[in-house]
Amino acid sequence: MEKSLDILKLMTDYNAPDLRRINHALKVYGIAQYIAGGENLNDYETLIIKTAALLHDIGIHEAEKRFNSPAGIYQEQLGPEVALPILEKAGFNNEDIEKINYIIAHHHTYNIKDNKLLRIIIEADLIVNIDEGEFGPNADYSRIKNENFVTETGKSLFDRLILNK
């Protein structure tokens, strides 16, 4: 079985019965795959993207337990420790785990512009968060795009899905 399918099952098992969080991860997974395809990533990079997308918010339940908050800073702080046994169970090696956990630990750190895999997860997560109403009706979507989107595929998708609604 493909590792990303193992991760999908493990992520779902971990988050159950929290369908909202499972659905969020699946939406980010789909958008991230689309952006990755448009950016011509190789199979290995695509596997890292798919895995990081499914696990990007894996620390949210632990953040709510420890800090009584789902805030991004806590997700970034706690996500890698929650992801580690999941990634090990799915058979990822230490180098892969380090790359995936770096993305999990920085997916709300919008000022890192030079890591393309991280950028893809950030862009996919932003699109999904906007769709889910996280920014409210008065958000400046043009500013969000200009400040946060780096990939050409992500920018184009943002235009079609968000700016041209």
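Quick notes
- Of all the residues in region 121-165, those that are outside any helix (DSSP H, G or I) and of a type in the set (D, E, K, R) number 4.
- Output for region 128-165, where each listed residue is in contact (Cβ under 8 Å) with a residue 24 or more places away in the chain and either loosely packed, with under 13 Cβ neighbours inside 10 Å or on the phi > 0 side of the Ramachandran plot (or both): Glu132, Glu147, Glu152
- Taken over region 4-26, the criterion of being among the polar types (S, T, N, Q) and more than 13 Å from the chain's Cα centre (by Cα) is satisfied by Ser4, Thr12, Asn15.
- Extreme residue, farthest from Gly59 (Cα to Cα), among residues of region 83-120 that are among the aliphatic types (A, V, I, L, M) and not in a helix (DSSP H, G or I): Ile112
- Contact annotation: residue pairs with Cβ atoms under 9 Å, 6 or more positions apart or on different chains, pairing a residue in region 44-65 that is closer than 17 Å to His108 by Cα with a partner that is crowded, with 24+ Cβ neighbours inside 10 Å and among the polar types (S, T, N, Q), are His56/Gln75; Asp57/Gln75; Ile58/Gln75; Gly59/Gln75; Ile60/Gln75; Glu62/Gln75; Ala63/Gln75.
- Test: residue in region 111-127 that is farther than 23 Å from Thr46 by Cβ, buried (at least 17 other Cβ atoms within 10 Å of the Cβ) and without any contact (Cβ under 8 Å) to a residue 40 or more places away in the chain: no
- Residue tally, condition among the charged types (D, E, K, R) and assigned to a loop (DSSP other than H, G, I, E, B), over region 49-82: 1
- The residue list Asn148, Asn101 contains one member that is of a type in the set (S, T, N, Q) and farther than 21 Å from Leu8 by Cβ, which is Asn148.
- Long-range neighbours under 7 Å by Cβ, at least six apart or interchain, first residue in contact (Cβ under 8 Å) with a residue 40 or more places away in the chain within region 1-23, second in a loop (DSSP other than H, G, I, E, B) and surrounded by fewer than 13 Cβ atoms within 10 Å (Cβ to Cβ): Lys3/Gly91
- The number of residues in region 33-47 that are assigned to a helix (DSSP H, G or I) and either surrounded by fewer than 23 Cβ atoms within 10 Å (Cβ to Cβ) or touching a strand residue (DSSP E or B) at 6+ places or on another chain (Cβ under 8 Å) (or both) comes to 9.
Throughout, read-outs are computed from the coordinates displayed, never taken from laboratory work. Just so we're clear, the structure is a prediction, and the values are computed from it rather than from any experiment. Cβ: placed from backbone, ideal geometry, glycine included. Neighbour counts: every protein chain shown.
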